[in-house]
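One structure is given below, encoded as structure tokens.
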């Protein structure tokens, strides 16, 4: 199977205190269609900037991104993005937020209903964002991103603001949706356990400027179990990077 998303030698700097400061350096990532990739790193390492570049929201300084064989030059309808904050419109109901698209009214009713059911919000569709929990709001945000049928979904620490138990539940919900929809997903997080648990492959990024330090792959069939010995060993190896116990590549 050929690669669906290819990032080649991507570089990005920002002007800070009148001088250019590197944020991302020499990023190379290749992802096949349907894969779930996680990227883990310290806050400020550039992982969120990387997602925004892939989404076409921020320009890179150099490098190239290919999506399904095409060079990306800006936002693409095949790419959806979910942020840490759900960003639902407070004056719209859950159903109205999810149904924000340009399809016909008849199709909108059907497709919106399907996505409400997909994220298990049936019975809550007529409530407003302030009337539902943070986890429910993120489910609505996921449904809103999926309704346009993106082939690639970018997740920028979507569970960072949730409590621990809700976060675990949302991880399971995300996996269920991924397995059903077969959408290619890229998750960035500073939670090493979350990165290992969700990702088929986990990319480890260095502190700023962000580079790829290592890639951890679990050969299929992957065991998604927080206490699995393989996952625990990978978690220990990644922690060693962040505690400076291994030499950075």
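For residue 74, are the conditions met, namely being within 21 Å of residue 211 (Cα to Cα) and without any contact (Cβ under 8 Å) to a residue 40 or more places away in the chain?
Considered against the rule, which asks whether it is within 21 Å of residue 211 (Cα to Cα) and without any contact (Cβ under 8 Å) to a residue 40 or more places away in the chain, residue 74 comes out as no.
When you look at residue 155, is it under 21 Å from residue 54 (Cβ atoms), in contact (Cβ under 8 Å) with a residue 24 or more places away in the chain, assigned by TED's automatic domain parsing to the domain that holds residue 46 and surrounded by 14 or more Cβ atoms within 10 Å (Cβ to Cβ), yes or no?
Yes: the conditions hold for residue 155.
So, residue 184, is that one out of contact with any helix residue (DSSP H, G or I) (no Cβ under 8 Å at 6 or more places or on another chain) and surrounded by 21 or more Cβ atoms within 10 Å (Cβ to Cβ) or not? Spell out the reasoning first.
Numbers: out of contact with any helix residue (DSSP H, G or I) (no Cβ under 8 Å at 6 or more places or on another chain): yes; surrounded by 21 or more Cβ atoms within 10 Å (Cβ to Cβ): yes.
When the stated conditions are applied, residue 184 passes them.
Across the range 114-130, which residue is farthest from the chain's Cα centre (by Cα) among those that are surrounded by 15 or more Cβ atoms within 10 Å (Cβ to Cβ) and not in a loop (DSSP other than H, G, I, E, B)?
The extreme case among them is 129.
Could you check, for the range 190-199, whether at least one of its residues is at pLDDT 90 or above, within 18 Å of the chain's Cα centre (by Cα) and not in a helix (DSSP H, G or I)?
yes
Please tell me if residue 50 is modelled with pLDDT under 95 and either outside the structural domain of residue 243 (by TED's automatic domain parsing) or within 23 Å of residue 212 (Cβ to Cβ) (or both).
When the stated conditions are applied, residue 50 does not pass them.
Is one or more of the residues making up the range 216-235 closer than 29 Å to residue 57 by Cβ, at pLDDT 90 or above and not in a helix (DSSP H, G or I)?
There is at least one residue in the range 216-235 that is closer than 29 Å to residue 57 by Cβ, at pLDDT 90 or above and not in a helix (DSSP H, G or I).
Does residue 82 count as at pLDDT 90 or above, exposed (fewer than 14 other Cβ atoms within 10 Å of the Cβ) and in contact with a strand residue (DSSP E or B) (Cβ under 8 Å, 6 or more places away or on another chain)? Give the steps one after another, and end with the answer.
Numbers: at pLDDT 90 or above: yes; exposed (fewer than 14 other Cβ atoms within 10 Å of the Cβ): no; in contact with a strand residue (DSSP E or B) (Cβ under 8 Å, 6 or more places away or on another chain): yes.
No.
Go through the range 31-77 and report how many residues are surrounded by fewer than 18 Cβ atoms within 10 Å (Cβ to Cβ), assigned to a loop (DSSP other than H, G, I, E, B) and out of contact with any helix residue (DSSP H, G or I) (no Cβ under 8 Å at 6 or more places or on another chain).
Qualifying residue count for the region: 13.
For the range 131-162, which positions are in a loop (DSSP other than H, G, I, E, B) and out of contact with any helix residue (DSSP H, G or I) (no Cβ under 8 Å at 6 or more places or on another chain)?
148, 149, 150, 151, 160
Given the conditions (1) assigned to a loop (DSSP other than H, G, I, E, B); (2) at pLDDT 85 or above; (3) farther than 22 Å from residue 119 by Cα; (4) touching a strand residue (DSSP E or B) at 6+ places or on another chain (Cβ under 7 Å), which single one is not true for residue 248?
Against the list (1) assigned to a loop (DSSP other than H, G, I, E, B); (2) at pLDDT 85 or above; (3) farther than 22 Å from residue 119 by Cα; (4) touching a strand residue (DSSP E or B) at 6+ places or on another chain (Cβ under 7 Å), residue 248 comes up short only on (2).
From (1) over 30 Å from residue 133 (Cβ atoms); (2) modelled with pLDDT under 95; (3) not in a loop (DSSP other than H, G, I, E, B), pick out the condition that doesn't hold for residue 7.
(2)
The values are calculated or read from the model by the stated rules, or taken from the named source; none is laboratory data. Owing to the predicted nature of the structure, the values given are computational and were not obtained by experimental measurement. Ideal geometry is used to build each Cβ from the backbone, glycine not excepted, and the neighbour counts take in all protein chains shown.
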